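J.: Structure in structure tokens, see below.
Derivation of every value follows stated rules applied to the coordinates shown; laboratory data play no part. All values derive from a computational prediction rather than experimental measurement. Heads up, the Cβs are rebuilt from the backbone with ideal geometry, glycines too, and the neighbour counts pull from every protein chain shown.
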Amino acid sequence: MNGLTDSVNETEKRDALSRLLDDSHLEGADRLRAFLIYIVDEELAGRGEHIRGKTIAQDVYGRDTSEGSDPENVVRVDARRLRQFLELYYEGAGKNDPVRLHMDSGGYRPRFESVEPARSHRPIKRVERFGVPVGTFAVGALIGAIIANSLLLSDSELAPGSSNSASVSETSDLLQRAAIYEKSPAALQAFNLAQQARAMIFPIFDRPRQILVLSVFERVIEIDPDYFGGYAGAAQVLATLSVITPPSDAKIDYTVAAMEFANEAVRLAPEQAWSQSAKSWAYFANHDYEAALMVGRRAAQLDPEDGAVLDFLGAVALFSGAFDEAVETADRQTLVDSSNQRFANRNISGAAHFHLGDYEKTIQRFEEAKRLGDPLSAPSLAYQVAAFSALGRDRQAQAKLAELERAWPNAPIATMLKSIYSNGKHADDVVNELLRQGWSPPSLQ
């Protein structure tokens, strides 16, 4: 049962505030801290119902509301940021706090509630709800079973000291699988299958691929409903399907389902980088770019060595228009001699460098991606055409355009890019270079 504000005493309210102020995400956020302290102080002083944007602008920010500008606008912006912070905090570090502080939409008055530990729940959903044919699920399950069985380790492989030459990483991986196997062989099967499916998400523009991978993650959930990875992976695929699906009821269903699965992953394992990365991508699919970046950065901090987490943060930064951050995140990886994890970082780096005007670096990054076997899609070649074109190297641009049209005839490049960039201008920057080279959009062919 959840208690109302009246059932929470002043000490408990102060303690709830203190826990929020101690969270690392408010470090350096002086304005948000002042905002939060102010509304709680006003509530505890009995003036909560009189809190208005005007009073916050005057008392917290020292803004003169009689001037011609709109000083309350900054209050509205910070209120939205504060609501996001509260939501994220209580999903993660504060999930076991006995008292929670809320600030409901449409006002600034804080509301407190006492919370009992949440009961376990498992929102297992059939993929057919999202338009995936039963036959596709069966194929995915079969593929998943084959992959998982091929990865199951024998008892001798799981035994300590079985490989004296193994690297630290390999040893850690063996120990992790051994620990999971002790829980149950099914749990290890689910873990192995999820890791394989996770590496198949990129390239994101391949819809049949996404549908197949979704069915595999559904199989993971069926094998081990308590494993967060099944929900995190499903959330990322559903969010991807939302992004690449034209406006429709199906797109809305994908978006809602992505957030539901991401929330379940966070509930099961809030400390896991993959859970937070899934929540970030679900926010992105919902066009909440600020929250997507915030949570994506959190995921990268939780595990700065996880290439998949860095890929999704880099993708969020790229498609949100934060190109410098996209480059920094993508280039953070030093996996230039290996491509067995199917990382997309070089593609992300190449695209971001294009938008920063470094076309030579764009070409270099995509050439590295091709050489190392990274995920490849129609937009990958489109960016190379655009980079050559922007440099005035028309002959090379034409050759790459011919390659694009052979590999992906009638690819709706413009639609693909406009569906994923927060600012359509960034898509136009690429498409206009293709048009300059004589490319014809599918509708005109």
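J.: Mind checking which of 318, 398, 350 is farthest towards the positive end of segment 293-426's charge dipole, using Cβ charges of +1 (Lys, Arg) and -1 (Asp, Glu) about the Cα centre?
T.: Going by the Cα projections, it comes out as 398.
J.: Treat each spin label as a single point 7 Å out from the Cα along the C-beta direction, and report the residue 394 to residue 332 distance in nm.
T.: 4.2 nm
J.: Next up: If R₀ is 41 angstrom, what is the calculated FRET efficiency for the pair residue 406 and residue 249, using the beta carbon separation as r and rounding to 0.05?
T.: According to the calculation, E is roughly 0.70.
J.: I would also like to ask the following. Could you give the nm distance between label points at residue 183 and residue 30, where each point is 7 Å from its Cα heading toward the beta carbon?
T.: 4.5 nm
J.: Could you line up 370, 279 from fewest to most neighbouring Cβ atoms inside 10 Å?
T.: Listed from fewest to most nearby Cβ atoms, that is 370, 279.
J.: May I ask you to compute the full-extension gain from residue 222 to residue 41, defined as 0.36 nm times their residue separation minus their alpha-carbon distance, rounded to one decimal in nm?
T.: 60.3 nm
J.: Mind giving me the FRET efficiency for residue 371 and residue 423? R0 is 22 Å, r the Cβ-Cβ distance, nearest 0.05 is fine.
T.: 0.10
J.: Given the pairs 370/400; 370/425; 279/418, which span a C-alpha to C-alpha distance of over 19 angstrom in this model?
T.: Over 19 Å Cα-Cα: 370/425; 279/418.
J.: Could you please rank 25, 287, placing first whichever residue has the fewest other Cβ atoms within 10 Å of its Cβ?
T.: 287, 25
J.: Further question: Subtracting the Cα-Cα distance from 0.36 nm times the residue separation, let me have the gained length for residue 18 to residue 364 in nm, one decimal.
T.: 119.6 nm
J.: Also, I was wondering about something else. Set the Förster radius R0 to 30 Å, insert the Cβ-Cβ distance between residue 59 and residue 96 as r into 1/(1 + (r/R0)^6), and round the FRET efficiency to 0.05.
T.: Efficiency, rounded to the nearest 0.05: 0.35.
J.: Follow-up. Where does each of 303-315, 233-245 land if you order them by average Cβ count within 10 Å, highest first?
T.: 233-245, 303-315
J.: While we're looking at this one, here's another question. How much length is gained if the chain between residue 176 and residue 73 is pulled fully straight, taking 0.36 nm per residue apart and subtracting their Cα-Cα distance, in nm to one decimal?
T.: 32.1 nm
J.: Have a look at 99, 84, 17 and report the one farthest towards the positive end of the charge dipole of segment 5-114, computed about the Cα centre with Cβ charges (Lys/Arg +1, Asp/Glu -1).
T.: Highest projection toward the positive end goes to 84.
J.: Please give the net charge around residue 15, taking every other residue with its beta carbon less than 13 angstrom from that of residue 15, where Lys and Arg add +1 and Asp and Glu add -1.
T.: 0
J.: Let me ask you something else. About the Cα centre of segment 5-114, how large is the charge dipole given +1 on each Lys and Arg Cβ and -1 on each Asp and Glu Cβ? Please answer in debye to the nearest 20.
T.: In debye, rounded to 20, segment 5-114 gives about 200.
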